[in-house]
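One structure is given here, and the rest of the page talks about it.
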Amino acid sequence: IRPDRQTLYWSATWPKEVEQLARRFLFNPYKVIIGSPDLKANHAILQHVEIISESQKYSKLVKLLEDIMDGSRILIFMDTKKGCDQITRQLRMDGWPALSIHGDKSQAERDWVLSEFRAGKSPIMTATDVAARGLDVKDVKFVINYDFPGSLEDYVHRIGRTGRAGAKGTAYTFFTAANAKFAKELINILREAGQKVSPELVAMGRGAPPPPAYGGGGRDRGRGNGGSRS
């Protein structure tokens with residue numbers, strides 16, 4: 001390897017942990033930033049954050065799908081591969097045209113799921129962060145964070161799957177007590193993008209417990225009324 005070689009690294013996000021690791025191996029590095037170094041969300045995306053309990057998630061998801069399902073593509077993010085499979089299986093049992101994509105799928109399976117999603121034959125797709133990296137699917141109208149990601153960088157990356165190429169998009173996020181440590185930074189992102197911030201989220205950002213209604217409601221099965229189902 002030439003001692004005078006140059007190494008260039010390009011990334012849409014640059015987490016502090018990655019930067020610290022890179023600096024251990026780089027000599028006299030230069031950092032070039034296009035735009036602001038502050039983490040910002042696409043202003044063309046309408047962001048909704050709902051504070052709920054873990055047990056409410058599935059029933060809230062079904063109700064949301066009943067409200068927004070119009071044949072448009074809907075991308076649902078999960079934290080785990082197991083979660084993707086479980087929720088996708090339940091959605092299909094309840095009549096929703098859903099498929100999943102994650103790291104345990106073969107390349108052939110991933111290609112097939114993506115082709116079905118792109119064609120609108122299965123307009124609902126669940127995915128993990130790793131599987132969704134680099135995805136470029138046009139006309140994703142809605143993104144749903146069923147599980148909140150492990151960083152705000154991933155949050156911005158996730159919701160950025162919609163509102164692309166000048167289009168408008170909408171992102172829905174389920175936020176639980178387990179995600180409270182992200183509340184302050186999430187509020188900053190919402191406010192910078194001109195989004196509404198609920199009093200409940202503001203309170204959580206100040207260290208307050210979830211609202212009294214939090215934790216109510218169990219899981220129920222819903223059947224939507226839009227789009228073809230298989």
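Here, each number is a calculation from the coordinates, and none is a lab measurement. Here the structure is a predicted model, which is why all the values come from computation and not from measurement. We place every Cβ from the backbone using ideal geometry, glycine too, and count neighbours over all the protein chains shown.
Some values worked out for this structure:
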quantity: Summed residue charge, Cβ within 13 Å of Leu26's Cβ, Lys/Arg positive, Asp/Glu negative; calculated: +3
quantity: Whichever lysines have a C-alpha closer than 24 Å to that of Lys31, once near sequence neighbours (fewer than 8 apart) are set aside; calculated: Lys16, Lys40
quantity: On Cα atoms only, tilt of 57-68 relative to the major axis of the chain in degrees; calculated: 80
quantity: Inter-site label distance for Lys63 and Gln90 at 7 Å from Cα along Cβ, in nm; calculated: 1.5
quantity: Per-residue [θ]222 nm for the chain (sum of -39500 (n - 2.57) over DSSP H runs n ≥ 4, rounded to 500); calculated: -9500 deg cm²/dmol
quantity: Overall dimensions of the stretch 45-205 by Cα: Rg and Dmax, Å; calculated: 15.0, 46
quantity: Charged-residue dipole, Cβ positions (Lys, Arg, Asp, Glu), the stretch 45-205 about Cα centre, Debye nearest 20; calculated: 220
quantity: Gap separating the Cα centres of the stretch 28-70 and the stretch 152-192, nearest whole Å; calculated: 3
quantity: Nearest-ten-degree value, helix 81-93 long axis tilted from longest Cα axis of the chain; calculated: 30
quantity: Cα long-axis angle, helix 183-192 against the chain (0 to 90 degrees, to the nearest 10); calculated: 80
